[in-house]
1. Would you mind calculating the gained length between F198 and F6 on full extension (0.36 nm times residue separation, minus the Cα-Cα distance), in nm to one decimal?
2. Using DSSP to define loop residues, name the GluC sites (Glu not before Pro) in the stretch 240-315 whose beta-carbon has at most 14 other beta-carbon atoms within 10 Å.
3. Could you work out the mean projected area of the convex hull around the alpha carbons of the stretch 241-373, in square nanometres to one decimal?
4. Once the stretch 1-129 is represented by equal point scatterers at the alpha-carbon sites, with solvent omitted, what log10 I(q)/I(0) does the Debye formula produce at q = 0.12, 0.15, 0.21, 0.22 Å⁻¹?
5. Taking a ≥ b ≥ c as the square roots of the eigenvalues of the Cα gyration tensor of the stretch 13-68, is the shape rounded (a/c under 1.5), prolate (a/b larger than b/c) or oblate?
6. So between V289 and I323, what do we pick up on full extension, going 0.36 nm a residue minus the alpha carbon distance?
7. Quick one: helix 281-294 against the long Cα principal axis of the chain, what's the angle to the nearest 10°, folded into 0 to 90?
8. Angle between the Cα long axis of helix 208-217 and the longest principal axis of the chain, 0 to 90 degrees, nearest 10?
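The values are calculated or read from the model by the stated rules, or taken from the named source; none is laboratory data. Note that the coordinates shown come from a computational prediction; the quantities given were computed from them, not determined experimentally. Ideal geometry is used to build each Cβ from the backbone, glycine not excepted, and the neighbour counts take in all protein chains shown. Areas reflect the complete protein model, heavy atoms only, side chains present, ligands, DNA and RNA absent. Shrake-Rupley method; radii C 1.70, N 1.55, O 1.52, S 1.80 Å.
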Amino acid sequence: MKRTAFPKVFWVANTVEVLERFAYYGIYFGFGIYMEHLGYSKGQLGIIQSLFLFVSYTIPVISGTFADRYGFKKVLIVSYLAYLPSILLLIITKSFSGIALTMLSIGLAAGIFKPLVAGTVRATTDKTNKTIGFGIFYAMVNVGGSFGPIVAGKLRAISWDYAFYAAAISIALMLLITIFFYKEPKREIEGITLGKKFKEIFTVLSDLKFSAFLVLLGLGFWLPLWAFFNILALYVDKNLDTARLYLDLKSVFGTTFANFFSQVDNEGSRRILGETISHTGYIIMILQVFVSRSFEKIKAIPAFLSGMVVAALGFCVLGYAKIAAPAWVFFGIFLFALGEMISAPRIQEYITWIAPKEKAGLYMGTNFLATGIGGITSGLYTALYGYFRDLTHPEYIWFVLAANFILGMFAIFIFIKKAGEFKEQEE
């Protein structure tokens, strides 16, 4: 069957996604290092991380509903107008309460934004191109998610304020692109009222099978995934020999490449910046479409579960990097990225395609409850990392997280086997 070509709005929406992820992850990945720079504990960091992620991934339940009612474009603009001043406030506030409230405001803005591009992708794809469409979308997420931390990392080496200014400029560009180039995709939205939409949310969540599935996804998949992003930059920056990592990177890719991910410290040694490598974007933006094509003919749930196993192996290698040689961290990140590439797009695709097309925003919104559950509990692992670090064994956190993934995989497998898979909607 010939694949349908993607319309212009599909590419515009993905461009906006790149810029938003650039700003979001530019702040988020280095946030643990920033909090340690200010002298706050891992417990305090974990509290903010949990609340930030929870708000970011529960607000979409509402914003997806408003998008279905008022249109994606208007709600996108509202998110930018909330985003921009919140990012700039990070330059001013330094108290724990001030930083917490500012990050919650950024989380609110991000939460408004989150389901809108995915909803656009769902509204502009069909059965001939849905897997590739979501693969492209997820790759674009990681283009921004890759370059954001690198740019922010290089800028924070000069001044943290510069990193925050870069994120603000990205949001301003998003606003201009959306105003002038984004055109509302065609969807069946006639006759929809907010009251009806809120009733539909409760109807969706009153399905105990679907709600239980979201809880399992939250604790079994999103919890260890968010813990990876919460902890890894700090783990690399503070617990691995980053000068040796620089030499390892230089020996393979050359001086210019290695310098791009590093800075010279106060003692004259060049070291890798933790946040520049402590993510999966630079791998996913290259390999996502290939991985999506490779798993295109495999059913969503088996593919999703196999990705969790690969990610768990990646966590074990991350722990081994502290015991053996720091260069193992690159292989650990690669394995985790491979697992993420297999699992994350397929579960997003699966949940949006069990929804009627006119309810894409609603179902993506309720899907974000699973990521919210993982987010609000993820700070516990940040505190546990701090505990293991005090014991001089920070690597233990990765073995605990690997066990979380494996237990989650078995729990979801048993649930699907006993309760049965959800049925995808017909066109």
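1. On the way: separation 192, 0.36 × 192 = 69.12 nm, distance 3.11 nm.
Full extension from F198 to F6 adds 66.0 nm.
2. Details: sites: E267, E275, E296; in loops: E267, E296.
Sites meeting the loop and neighbour criteria: E267, E296.
3. Numbers: hull surface 41.9 nm².
Averaging across all directions leaves 10.5 nm² for the Cα convex hull.
4. -0.52, -0.74, -1.18, -1.26
5. Numbers: a/c = 5.39, a/b = 1.64, b/c = 3.29.
Oblate.
6. Details: separation 34, 0.36 × 34 = 12.24 nm, distance 3.39 nm.
Result: 8.8 nm gained on full extension.
7. Between the helix axis and the principal axis of the chain, the angle is about 40 degrees.
8. The angle comes out at about 20 degrees.
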